[in-house]
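The values are calculated or read from the model by the stated rules, or taken from the named source; none is laboratory data. Nothing here was measured: the structure is a model prediction, and the numbers come from that model. Quick reminder, even Gly has a Cβ in these numbers, built from the backbone with ideal geometry, and neighbours come from all protein chains shown. Heavy atoms of the whole protein, side chains included, go into the accessibility calculation; ligands, DNA and RNA do not. Shrake-Rupley method; radii C 1.70, N 1.55, O 1.52, S 1.80 Å.
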Amino acid sequence: TDSLTGLPNRALFMARLGDAIHQAKRHSNTLFAVMVLDLDRFKLINDSIGHLAGDVLLQSVATKLKRCVREADTVARMGGDEFMILLHEIMSARDLLPVLDRIQEELRAPVYFRQQEMTAGSSVGVVIWDPSYTDPEDLLRAADTAMYRAKEDGRGCDRLFDEDMHRSLLRTLKAENDLRASLRRREFSLAYQPIVDLKTGTIRSLEALIRWHHPERGVVFPREFLAVAENSGVIVALGEMCLEEVCSQISRWQSPACPAARLPVGLNVSPRQLTEPDFVSNVAALMADWRIPADRLSLEITETALIR
């Protein structure tokens, strides 16, 4: 169980979800639903009132959610400010509406911590089981997708996983699998774009830009795959590969006769890479291995990374 709220933890929830799938396959008239809830603006409470207040709010949410479902149903805490609910024996999506209304109503009621009022709206994603789901992780992923759609649609609402979301999820999963396979086969290259001083017409530096040589789609540009790489975590391995390739290329350009010998090279770094504990040591080790002077490599970050 979860030590803070006393609710079942993720492992226990997944075990019960596996049992529910097994039962539903044996009895064709049995339906159940999975909900994923994410508290809206929970970080704001943690940052403004304190983590102790956040813990009090999480404990209150756990109590409220248990009041919204039947004894046979399962409320669990996934971790952080995410909760999961397994609703047994439903007939259709219509059965979910009273539960969803009750959840939002309960969570809107204020909770007090040292005379400070706190409220916790939530974004809820729901998926109803059908025979195409054989793996608990697939069901949870579907509910998670619907929850993120609820967040995109303005928070404080719920969304049911539908066919459009399913198609979008399949496209994303295929893209993730393609990325991982291409990374293993090293089907990526770097193009070096010159940065020109318009006053003098001279090249001041180069920017390394990644290209994906997809076996079916041909050359794929970063805007089409970097978001998928970032969300799936593939971006870390991809970034490491790019960093090594850039250092290798700068090393090959070290000859005095090469026009690029003294040009700095810029490489974009993902926010995910920056949070890796060994990022700095990896960069330092690569530069040492390839004997790259520090002023030849420029690491560039986006505004998004800076904010984070």
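Side notes on the structure shown:
- Residues in the stretch 28-40 that are more than 13 Å from Ser122 (Cα to Cα), open to solvent by less than 80 Å² (accessible area, probe 1.4 Å) and part of a loop (DSSP other than H, G, I, E, B): Thr30, Leu31, Phe32.
- The residue of the stretch 272-290 that is farthest from Arg252 (Cα to Cα), among those that are surrounded by 11 or more Cβ atoms within 10 Å (Cβ to Cβ) and hydrophobic (A, V, I, L, M, F, W, C), is Leu274.
- Comparison of Ile307, Ile301 shows that the only residue that is among the hydrophobic types (A, V, I, L, M, F, W, C), more than 18 Å from the chain's Cα centre (by Cα) and at pLDDT below 90 is Ile301.
- Pick from the stretch 73-101, criterion touching a strand residue (DSSP E or B) at 6+ places or on another chain (Cβ under 9 Å), of a type outside the set (D, E, K, R) and assigned to a loop (DSSP other than H, G, I, E, B), ranking: surrounded by the fewest Cβ atoms within 10 Å (Cβ to Cβ): Ser92
Yes or no, residue by residue, for (1) at pLDDT 90 or above; (2) under 30 Å from Arg102 (Cα atoms); (3) aliphatic (A, V, I, L, M):
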residue	(1), (2), (3)
Arg141	no, yes, no
Ala146	no, yes, yes
Leu198	yes, no, yes
Cys247	yes, no, no
Arg252	yes, no, no
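- Single residue of the stretch 251-266 satisfying the filter (surrounded by 14 or more Cβ atoms within 10 Å (Cβ to Cβ) and over 15 Å from Pro194 (Cβ atoms)) that is nearest to the chain's Cα centre (by Cα): Ser251
- Search result, residues across the stretch 41-72 that are without any contact (Cβ under 8 Å) to a residue 60 or more places away in the chain and exposed (fewer than 14 other Cβ atoms within 10 Å of the Cβ): Lys43, Leu44, Asp47, Ser48, His51, Arg67, Arg70, Glu71, Ala72
- Criterion applied to Asp278, Asp289 was being out of contact with any strand residue (DSSP E or B) (no Cβ under 6 Å at 6 or more places or on another chain), without any contact (Cβ under 8 Å) to a residue 24 or more places away in the chain and not small (Gly, Ala, Ser), and the one residue passing it is Asp278.
- Looking across the stretch 41-57, the residues that are not in a helix (DSSP H, G or I) and not aliphatic (A, V, I, L, M) come down to Arg41, Gly50.
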